[in-house]
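J.: For reference, the structure I am asking about is given below.
The values are calculated or read from the model by the stated rules, or taken from the named source; none is laboratory data. This is a predicted model, so every value here is computed, not measured. Backbone-built Cβ (ideal geometry, glycine too); neighbour counts: all protein chains shown. Note: areas computed on protein heavy atoms with side chains; ligands, DNA, RNA excluded. Shrake-Rupley method; radii C 1.70, N 1.55, O 1.52, S 1.80 Å.
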Amino acid sequence: QVQPVESGGGLVQAGGSLRLSCAVSGTLFSTNTMNWYRQAPGKQRELVARITAGGSTNYGDSVKGRFTISRDNAKSTVYLQMDSLKPEDTAVYYCQCCVGTRGYWGQGTQVTVSS
C-alpha cells in the first residue's frame, strides 16, 4: 500500500520559513510524480507545487518565487521549502503520490502563519 506521511508543519510568523517533508513507502518512489496541495478553511484544495520523476517542477501562481519543491529519491522523500510566508499561506498541506492514474494522499500537516 502506498503511504505518504507528511511532517514539518507548525506555527511561524509572517516572513518566516518552514520546510515540509513527505516520506513515501510502498512504491518505486523515483518513478512517481509528487504533488503538494493545500486547503484553507472554507476553500477548495489547491495545487501548490509538482515535481515529476524527471525533476521538472511547476508551481501555483500564489507561491511562485517563494516555495521550492525538491525530491530525494534515495530517501523516498519530497520536500517543500516555504520562504517569505504570508498569513494567506495558512492551510493544511497535503502530499500526493501519483502512481499511474491513482493519487495517494497523506494525512496532511497544518501550517499556520501569524501576522
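J.: Please specify each residue of region 73-110 satisfying the condition of being assigned to a strand (DSSP E or B) and closer than 15 Å to TYR59 by Cα.
T.: VAL78, TYR79, LEU80, GLN81, MET82, TYR93, TYR94, CYS95, GLN96
J.: Right, next: Quick one: ASN35 ticks every box in (1) at positive phi; (2) crowded, with 17+ Cβ neighbours inside 10 Å bar one, so which box is it?
T.: Every condition holds for ASN35 apart from (1).
J.: Same structure again: Looking at this structure, is SER70 surrounded by fewer than 17 Cβ atoms within 10 Å (Cβ to Cβ), at pLDDT 95 or above and part of a loop (DSSP other than H, G, I, E, B)?
T.: Numbers: surrounded by fewer than 17 Cβ atoms within 10 Å (Cβ to Cβ): yes; at pLDDT 95 or above: yes; part of a loop (DSSP other than H, G, I, E, B): no.
No, not satisfied.
J.: Do you know which residues across region 17-65 are in contact with a Ser or Thr (Cβ under 6 Å, 6 or more places away or on another chain) and modelled with pLDDT under 95?
T.: PHE29
J.: Restricting to region 48-62, what's the tally of residues that are outside any strand (DSSP E or B) and without any contact (Cβ under 8 Å) to a residue 12 or more places away in the chain?
T.: 3
J.: Against the definition (open to solvent by 30 Å² or more (accessible area, probe 1.4 Å), touching a Leu at 6+ places or on another chain (Cβ under 6 Å) and over 24 Å from ASN32 (Cα atoms)), how does THR112 come out, yes or no?
T.: So THR112 passes the test.
J.: Still on this structure, I have one more. For region 1-13, enumerate the residues that are in a strand (DSSP E or B) and either out of contact with any Gly (no Cβ under 7 Å at 6 or more places or on another chain) or surrounded by 17 or more Cβ atoms within 10 Å (Cβ to Cβ) (or both).
T.: PRO4, GLU6, SER7, GLY10, LEU11, VAL12, GLN13
Every residue, every condition in (1) open to solvent by less than 40 Å² (accessible area, probe 1.4 Å); (2) touching a Cys at 6+ places or on another chain (Cβ under 6 Å), yes or no:
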{"residue": "GLY15", "(1), (2)": "no, no"}
{"residue": "VAL24", "(1), (2)": "yes, yes"}
{"residue": "THR31", "(1), (2)": "no, no"}
{"residue": "ALA40", "(1), (2)": "yes, no"}
{"residue": "THR77", "(1), (2)": "yes, no"}
{"residue": "TYR93", "(1), (2)": "yes, no"}
{"residue": "THR101", "(1), (2)": "no, no"}
